[in-house]
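Enquirer: I have a structure here, written as structure tokens, and I will follow up with some questions on it.
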Amino acid sequence: MSDQKITKHTISVLVNDEPGALARVIGLFSGRGYNIDSLTVAPVNLEQKHSRIIIVTSGSQIIIDQIISSLEGLIQVHKVIDLTSKNSTDERELAMIKISLKKGKLNDIKNIAKKYKAKLIFESLKNLAFEITDSPDNINAFIFKLNILGKIDVSRTGLIAILKD
Amino acid sequence: MTNIKCNGAEIVLKSLIDQGTKILFGYPGGATLPIYDALFKQKRIKHILVRHEQGAIHAAEGFARSSGKIGVVCVTSGPGATNCVTGLADAYMDSIPLICLTGQVPTKLIGNDAFQEADITGITRPVTKHNYLVKNVKNLEKTIHEAFYIAQMGRPGPVLIDLPKDILNEQYYYKSLNKRNLSYPNYKPQLQVDSSSIKKVVSLMADSKKPIFYCGGGVINSGKNASDILTKLIKKTGFPCTNTLMGLGCFPALDKQFIGMLGMHGTYEANLAMHDSDLIIAVGSRFDDRVTGNLSKFSPYAKKIHIDIDPSSINKNVKVDISLIGDVEKIARAIYLEVQKSNFFNNSNNLKNWWLQIANWQKKNCLGYKKVNYPIKPQHAIERLYEITKNKDCFITTGVGQHQMWAAQYYKFNKPNRWMTSGGLGTMGYGLPAAIGAQIANPGKLVIDIDGEASFLMTMQELSTISQYKLPVKIFIVNNRWMGMVRQWQELMHGGRYSESYTASLPNFVKLAESFNIVGLKATKSSEIDGAIKDMVKIKKPVLLDMVVDQKENCFPMIPSGAAHNEILLGPEDETEDKVNEEGMVLV
């Protein structure tokens with residue numbers, strides 16, 4: 001088989017917002033041995049009760065095609081888009097990072113946050129917390145820098161993107 | 001407009017009746033009591049009481065496959081539902097349309113580890129096409145109609161509906177929704193195909209020197225018309241045709257263009273033709289590992305055309321050159337019409353060399369075996385069974401193992417829906433309950449379960465069902481006392497270390513049958529074969545025939561796991577040990 005090169009793909013799956021829909025989608029990945037690198041789910045149309053699942057996965061083109069046609073075969077799935085191969089926005093992710101304060105590091109921390117355009121969302125004598133929305137690479141870099149300055153804890157949403165057209 | 005007030009259980013039955021269901025295979029229990037109470041009060045649906053829920057679901061499969069209709073099952077919550085899981089997985093793998101109604105504990109108790117509670121929608125998600133847990137009686141009727149639509153549209157499959165007991169008791173209205181146009185929002189499988197790819201396919205066919213049709217269960221699922229038009233198309237082209245295990249009967253086995261089943265135990269000529277072919281036209285088949293053998297050596301010279309209703313079957317195992325997604329009947333008709341316009345296919349000389357080559361392979365007589373009077377050769381027994389019953393439009397079911405492969409090799413199927421076997425999942429114990437379903441769908445017809453003694457033992461409690469409903473099913477046990485296929489692999493690949501594959505203390509099958517008021521017969525010598533089979537067929541009651549066969553016989557031809565089509569073994573004389581490499585040893 002040709003096209004053996006493994007690439008990352010971000011796939012958007014519009015599903016019915018009902019019990020079992022997410023389980024079916026995830027079960028397809030685990031049952032067929034596909035990877036999930038990142039996953040987000042949220043309702044996007046309250047009226048029609050649709051949710052959007054965005055999955056980052058990797059595989060050869062044949063595997064990606066297989067994933068997409070298998071997803072399209074699920075009853076609760078409305079639409080599947082391979083955002084990576086279509087004209088879509090850059091991928092974004094939201095992260096919240098908490099850092100415990102060490103003496104004399106406050107200014108350093110705030111300077112780094114400013115450089116990465118992270119928003120301070122919480123501050124106490126013991127901890128600071130930032131919110132950052134950016135590409136995963138920038139978020140990784142931000143986390144890396146903070147990690148040097150104090151003990152950190154991280155929550156991330158996983159990647160999202162949207163079609164331009 | 002109907003708007004009848006009734007309880008949930010009655011809504012279930014009314015929906016089934018509106019969908020044309022006449023037969024329900026099932027077993028009652030606490031959670032489904034309301035359904036059984038409603039069943040008691042009506043006459044439109046006949047309930048077949050099985051002896052184990054696995055029997056119900058295989059019977060429904062046999063019913064569906066032999067009739068082209070949907071099989072419907074009703075079982076209780078917890079163990080009743082989990083006993084169906086194997087059958088659901090079986091139906092899912094073989095794309096058989098089923099509706100499985102399961103009882104569930106009342107909605108308020110779900111998640112409480114209540115008595116006989118199981119998360120059956122969770123458990124069956126990977127083995128059903130879709131499943132539902134009905135939590136509101138208002139959705140009940142719509143859900144059932146939707147389930148019927150999903151089970152049969154596109155690639156068929158099993159759909160499970162979990163019914164909590166409080167929903168079954170609750171009063172609501174039955175609205176005959178199916179008589180209005182229900183819209184099913186996001187499940188619209190592609191059925192039609194575009195004409196430009198049809199032209200491309202036909203031009204590839206015209207250019208081919210060594211073409212072959214490779215047809216599978218999808219043709220059977222598409223309906224009898226699909227088999228008819230496909231047969232016309234193949235006859236018109238003059239191409240050779242091979243069928244998969246699931247496809248047997250979709251092209252007549254007696255036709256001279258049929259070169260046998262392909263795959264692990266397929267014929268020499270079919271496998272060699274696949275290997276040497278320059279054009280494979282796969283119709284409703286899925287390039288299963290039992291068919292392709294070693295993928296990297298699979299049909300190296302062939303362009304491949306794949307016709308299938310399921311887009312996710314395309315390029316799954318084998319990359320193809322052209323894919324046509326849609327219903328086989330429609331696509332085969334479109335190709336047939338296009339082929340009729342072309343002059344090429346009127347010239348039989350085009351394929352002369354190809355057919356000469358195939359005739360050479362056929363000279364190997366790969367299904368030959370040595371007949372002796374004692375012990376009976378299993379191939380001989382099945383060959384005689386075929387010869388004696390061939391004019392009776394028989395329905396054949398099987399268990400899984402050597403006997404299944406011999407049945408596939410030596411029983412010739414000329415019509416679709418006559419052959420019911422567990423292809424994908426390979427479920428031992430399938431044969432007997434499937435025969436019950438086939439007999440109920442085809443009253444008055446001759447239904448024979450060609451079974452192995454080990455497979456038979458797995459679901460033999462259904463003898464009681466056969467007896468209760470006086471079903472004239474014939475049980476033809478190819479009894480070699482071994483789990484024959486396990487023994488064969490142990491002989492060929494594990495140095496003859498026969499670990500746990502011999503069945504000590506088999507029952508006396510004749511007495512066993514008689515204890516269920518079923519006629520028991522036995523044959524141990526070849527000279528007794530014909531008499532026993534004729535008696536079995538003649539007796540208008542259920543009959544079990546214990547055909548005691550050679551314990552050591554192996555099933556050939558055989559493509560060892562990990563080998564290619566042209567590395568096929570014809571018989572015990574062929575060296576095997578060195579043909580199975582390390583990679584092959586880990587394959588199942």
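Every number here is computed from the coordinates shown, using simple stated rules; none is lab data. Note that the structure is a prediction, hence the values are computed from the model and not measured. Virtual Cβ from ideal backbone geometry, glycine too; neighbours counted across all protein chains shown.
Enquirer: Determine ³J(HN,Hα), in whole Hz, for all residues of the range B:504-511 in sequence, where each value follows from phi through the Karplus function 6.51 cos²θ - 1.76 cosθ + 1.60 and θ = phi - 60°; x replaces Gly and Pro.
Expert: These are the phi-based 3J(HN,Hα) values: 6, 6, 5, x, 6, 5, 5, 5 Hz.
Enquirer: Now, a different point. Relative to the longest principal axis of the C-alpha atoms of chain B, give the angle of the C-alpha long axis of helix B:378-389, reported between 0 and 90° and rounded to the nearest 10°.
Expert: Taking the Cα atoms of chain B, the angle to B:378-389 is about 70 degrees.
Enquirer: At R0 = 45 Å, how high is the FRET efficiency between B:Leu587 and B:Asp530 if r is their beta carbon distance? Nearest 0.05 is fine. Walk me through the intermediate numbers first.
Expert: Details: r = 40 Å, r/R0 = 0.89.
In this case the efficiency is close to 0.65.
Enquirer: Take the range B:10-158, drop everything but the C-alpha atoms, weight them equally and run the Debye formula without solvent; then report log10 I(q)/I(0) at 0.12, 0.13, 0.17, 0.21 Å⁻¹ to two decimals.
Expert: -0.43, -0.51, -0.93, -1.51
Enquirer: Contour minus end-to-end for B:Ser196 and B:Ile322, with contour as 0.36 nm per residue of separation and end-to-end as the Cα-Cα distance? Please report the intermediate quantities before stating the final value.
Expert: Values: separation 126, 0.36 × 126 = 45.36 nm, distance 1.14 nm.
Length difference between fully extended and current span is 44.2 nm.
Enquirer: Got a sec? How would A:Tyr34, B:Tyr214, B:Tyr411 order by Cβ neighbour count within 10 Å, fewest to most?
Expert: Details: A:Tyr34 17, B:Tyr214 29, B:Tyr411 22.
By the 10 Å Cβ count, ascending: A:Tyr34, B:Tyr411, B:Tyr214.
Enquirer: Now a separate question. Which order results if B:Glu53, B:Glu553, B:Glu61, A:Glu18 are arranged by neighbouring Cβ count within 10 Å, fewest first? Walk me through the numbers on the way to the answer.
Expert: On the way: B:Glu53 27, B:Glu553 23, B:Glu61 31, A:Glu18 12.
With the fewest neighbours first, B:Glu53, B:Glu553, B:Glu61, A:Glu18 line up as A:Glu18, B:Glu553, B:Glu53, B:Glu61.
Enquirer: Three principal axis extents, largest first, for the C-alpha atoms of the range B:490-543, in Å?
Expert: Taking max minus min along each principal axis of the Cα atoms, the range B:490-543 gives 46, 26, 14 Å.
Enquirer: Which FRET efficiency value, to the nearest 0.05, do you get for B:Ser499 and B:Lys46 by plugging their Cβ-Cβ distance into 1/(1 + (r/R0)^6) with R0 = 51 Å?
Expert: Working: r = 45 Å, r/R0 = 0.89.
That pair, B:Ser499 with B:Lys46, gives E of 0.65.
Enquirer: Taking amide H positions as placed in the peptide plane 1.01 Å from N, state which residues far from B:Leu24 in sequence (5 or more) or on other chains have amide H under 5 Å from it.
Expert: B:Lys46, B:His47, B:Ile48
Enquirer: A further question follows. Starting from the Cα of B:Gln171, step 7 Å toward the Cβ, then list every residue of the range B:1-24 with an amide N under 20 Å from that point.
Expert: B:2-15
Enquirer: A further question follows. What average count of beta carbons from other chains do you get within 10 Å of the Cβ of residues in B:282-291? Show your work: numbers first, answer last.
Expert: Working: counts 0, 0, 0, 0, 0, 0, 0, 0, 0, 0.
Whole-number average of other-chain Cβ neighbours for B:282-291 is 0.
Enquirer: Would you please classify the overall shape of the range B:257-313 from the alpha carbon gyration tensor, given that a ≥ b ≥ c denote the square roots of the eigenvalues, rounded means a/c under 1.5, and beyond that prolate means a/b larger than b/c while oblate covers the rest? Display every interim value, and only then the final one.
Expert: On the way: a/c = 1.43, a/b = 1.39, b/c = 1.03.
Rounded shape, in that the Cα axes give a/c under 1.5.
Enquirer: Right, next: Using only the alpha carbons of chain B, what is the convex hull's orientation-averaged projected area in square nanometres?
Expert: Details: hull surface 109.0 nm².
For chain B, the mean projected area of the Cα convex hull comes to 27.3 nm².
Enquirer: Given N residues in the range B:160-222, what is Rg(Cα) / (2.2 N^0.38 Å)?
Expert: Values: Rg = 22.8 Å, N = 63, 2.2 N^0.38 = 10.6 Å.
Its radius of gyration relative to the 2.2 N^0.38 Å reference: 2.15.
Enquirer: Also, quick follow-up: List the trypsin sites (Lys or Arg not before Pro) in the range B:421-498 that DSSP assigns to loop (not H, G, I, E or B) and whose Cβ has at most 14 other Cβ atoms within 10 Å. Which are they? Intermediate values should be presented prior to the final figure.
Expert: On the way: sites: B:Lys445, B:Lys470, B:Lys474, B:Arg481, B:Arg487, B:Arg497; in loops: B:Lys445, B:Lys470, B:Arg481, B:Arg497.
Within the range B:421-498, the qualifying trypsin sites (Lys or Arg not before Pro) (loop, at most 14 other Cβ atoms within 10 Å) are B:Lys470, B:Arg497.
Enquirer: With axes computed from alpha carbons, what is the tilt in degrees of helix B:484-493 against the longest principal axis of chain B, rounded to the nearest 10 within 0 to 90?
Expert: Helix B:484-493 sits at roughly 50 degrees to that axis.
Enquirer: Give me the net charge for the shell around B:Met405: Cβ to Cβ below 12 angstrom, other residues only, Lys and Arg +1, Asp and Glu -1. List each step's numbers first, then the result.
Expert: Details: positive: B:Arg290; negative: B:Glu553.
Around B:Met405, the charge tally is 0.
Enquirer: Say the dipole of the range A:51-165 comes from +1 at the beta carbon of Lys and Arg and -1 at that of Asp and Glu; which of A:Leu146, A:Ile64, A:Ile162 then lies farthest toward its positive end?
Expert: A:Leu146
Enquirer: Using only Cα atoms, tell me the angle between helix B:352-362 and the longest principal axis of chain B; keep it within 0 to 90° and round to the nearest 10.
Expert: The answer is roughly 80 degrees.
Enquirer: Ranked by Cβ crowding within 10 angstrom, fewest neighbours first, how are B:Tyr410, B:Tyr498 ordered?
Expert: Numbers: B:Tyr410 20, B:Tyr498 14.
Placing the least packed residue first, the sequence is B:Tyr498, B:Tyr410.
Enquirer: Now, a different point. Please go through the residue pairs A:Lys115/A:Lys145; B:Lys330/B:Lys415; B:Lys199/B:Lys341; B:Lys43/B:Lys129; B:Lys235/B:Lys415 and name each one whose alpha carbons sit more than 22 Å apart in this structure. Present the calculation step by step, with values, prior to reporting the outcome.
Expert: Working: A:Lys115/A:Lys145 11 Å; B:Lys330/B:Lys415 19 Å; B:Lys199/B:Lys341 11 Å; B:Lys43/B:Lys129 30 Å; B:Lys235/B:Lys415 15 Å.
Exceeds cut-off: B:Lys43/B:Lys129.
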